[in-house]
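The values are calculated or read from the model by the stated rules, or taken from the named source; none is laboratory data. Note that the structure is predicted; figures quoted are calculated from it, not measured. Neighbour counts run over all protein chains shown; Cβ positions are idealised from the backbone, glycine included. The protein model used for the area step is the full one, side chains on, heavy atoms only, and it has no ligands, DNA or RNA in it. Shrake-Rupley method; radii C 1.70, N 1.55, O 1.52, S 1.80 Å.
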Amino acid sequence: MKISSVELFVLKSPGLYNNPEGSEEPLGPTYMGLVKVSTDAGICGYSDMERQPASAKACVDAPKWSQEAGNGVL
């Protein structure tokens, strides 16, 4: 089984997650990243991420900078 695709979605909250007055918790995030990994066997999984979502999406969506060699090794 091999990974066939990695997709990253940037989700935006419809509003700020405000905390009750006097709470010590920080404000909730406005944006969240969700990663979807799919395999050639038809299995897929999802995960949230601990990274700034817009910059992570740019890295995942960036064009390849190299071509496969004749032996299938990058």
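Observations, loosely collected:
Per-residue answers, yes or no, for (1) touching a Phe, Trp or Tyr at 6+ places or on another chain (Cβ under 9 Å); (2) under 16 Å from residue 61 (Cβ atoms):
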site: 1; (1), (2): no, no
site: 8; (1), (2): no, yes
site: 13; (1), (2): yes, no
site: 23; (1), (2): no, no
site: 33; (1), (2): yes, yes
site: 37; (1), (2): yes, yes
site: 40; (1), (2): no, no
site: 43; (1), (2): no, no
site: 48; (1), (2): no, no
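- Some residue of the stretch 1-9 being in contact with a helix residue (DSSP H, G or I) (Cβ under 9 Å, 6 or more places away or on another chain), aliphatic (A, V, I, L, M), at pLDDT 85 or above and surrounded by 10 or more Cβ atoms within 10 Å (Cβ to Cβ): yes
- Matching residues in the stretch 39-68 - criterion: being open to solvent by 60 Å² or more (accessible area, probe 1.4 Å) and assigned to a loop (DSSP other than H, G, I, E, B): 40, 41, 42, 43, 50, 51, 52, 63, 64, 65, 67, 68
- The residues of the stretch 22-37 that are closer than 23 Å to residue 12 by Cα, out of contact with any helix residue (DSSP H, G or I) (no Cβ under 7 Å at 6 or more places or on another chain) and either modelled with pLDDT of 80 or more or open to solvent by 100 Å² or more (accessible area, probe 1.4 Å) (or both), listed by number, are 25, 27, 34, 35, 36, 37.
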